[in-house]
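To keep things clear, I will list the structure first and then write my remarks on it.
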Amino acid sequence: MSRAAGILEKAEGPAFPRGFLHEGDDPAARVYIRPLDGNGRATCRPQRCEVLIRRIEGTVAIAAPTEEVLAWAAAEGFGLARHVEATLDAIAAERPTFAGLGVDKPLVMGIINVTPDSFSDGGEFLDAERAIAHGRRLVAEGADILDVGGESTRPGAAAVSPETETARVLPVVRALAAEGFAVSIDTRRAAVMKAALEAGARIVNDITALEGDPRAPGVVADAAAPVVLMHMQGEPGTMQNDPRYVDAALDVFDYLRDRIAACEAAGIPRRRIAVDPGIGFGKTVAHNLRILGCLELFLGLGCVILLGVSRKSFIGRLSHGEPPAERLAGSLAAALAGAARGAHILRVHDVAETRQALAVWQAIADAEAGRPDGPP
């Protein structure tokens, strides 16, 4: 496998290394578990796993039955068995709801950019009344959540003041929440979070994973609000300037694990946390593909997984360089790949098309599993 993709060696069967852990090693920093069945919506342990092992020379990936993985971990010692057991428990942990919404099937989060410069629809919904009408349309098309943002975070974007951001989003949040819709506020600023939550937003969606403003964890904890923690390398203005990882998937996993722990310490329980690996935020095409190809890995964090791939630049780079408005087919392909690998929430621009794609994908999955027939 390609070193650029993060894998040095890939094997099938009981080819586990021996003696690679030593006294004082943290197994959580060396060994990761990716389920190979169950897709995050079954509350039982997977029957097969891929074990990803960090080595100095690269990542080793070994697929094997879970029983063999457990036997190897027990024999290896140094707390590895406890780590593997805890990860398997997290993978199988029940995730009944997020912000009061069931996640047994993928939810759709519709994007409302109240900005003049977002990469895909900048300026189209800067007017509050147009943004509110767009939100109603997205709900009619099948959106479960409306994600309202007042600051563009596209590559190269300049920051705006909290006052400007608040003025943009508050009328939209207030109006859509008053109509009973589940509204998420997409911001990295505590003042904007607080104002939006007071105006009726249910969810905070933060590209800095509550690191961007020291007051943010307290705002979320005090409001008992669900929160989405996203990974980003760098700042929007510079994040695409030569991003680097040892292994993109494992590095992002480690970051999100640490942010979950920090949020728990701040009074935000894990059941109210969703994680987003941040596709396109400080990542090359190879980094994005590495993360998407093993998205099930993030089920080991025990949280709901949100995935945002809609119209992103890697789609054009993998195709013929299409502009954002012409990336629907690629967006749907990436969204369905994410749903098949455990994503609980899909953040999208094109709600109706995503709903149709999910309906067909779900019907095929149900038929394969022998579940009752859907609509005639």
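Listed residues S310, S319; which is touching a residue at least 12 places away in the same chain (Cβ under 8 Å) and among the hydroxyl-bearing types (S, T, Y)?
S310
I'd like to know if the range 255-266 contains one or more residues that are of a type in the set (A, V, I, L, M, F, W, C), touching a Lys or Arg at 6+ places or on another chain (Cβ under 7 Å) and free of Cβ contacts under 8 Å to residues at least 40 places away in the same chain.
No - not one qualifying residue is present in the range 255-266.
Look through the range 176-216, keep the residues that are hydroxyl-bearing (S, T, Y) and in a loop (DSSP other than H, G, I, E, B), and return whichever of them is surrounded by the most Cβ atoms within 10 Å (Cβ to Cβ). Even if it seems obvious, please write down each step before you answer.
Going through the range 176-216, the residues hydroxyl-bearing (S, T, Y) turn out to be 184, 187, 208.
With the extra rule that they be in a loop (DSSP other than H, G, I, E, B), the set shrinks to 187, 208.
Working: T187: 30, T208: 18.
Taking the candidates together, the pick is T187.
Are there any helices (runs of 4 or more DSSP H) wholly within the range 217-323 with 2 or more residues that are surrounded by 24 or more Cβ atoms within 10 Å (Cβ to Cβ) and modelled with pLDDT of 95 or more, and if so which?
Fully inside the range 217-323 and qualifying: 248-265, 285-293.
Quick one: count up the residues across the range 123-158 that are within 23 Å of the chain's Cα centre (by Cα) and in a loop (DSSP other than H, G, I, E, B).
11
If a residue has to be touching a residue at least 40 places away in the same chain (Cβ under 8 Å) and surrounded by 14 or more Cβ atoms within 10 Å (Cβ to Cβ) to count, how many in the range 85-102 make the cut?
Summing the residues that are touching a residue at least 40 places away in the same chain (Cβ under 8 Å) and surrounded by 14 or more Cβ atoms within 10 Å (Cβ to Cβ) in the range 85-102 gives 10.
Of all the residues that make up the range 200-228, how many are among the acidic types (D, E) and more than 19 Å from the chain's Cα centre (by Cα)?
2
The values are calculated or read from the model by the stated rules, or taken from the named source; none is laboratory data. Quantities reported herein were computed from a predicted structural model and do not represent experimental measurements. So basically every Cβ, Gly included, is an ideal-geometry build from the backbone, and we count neighbours across all protein chains shown.
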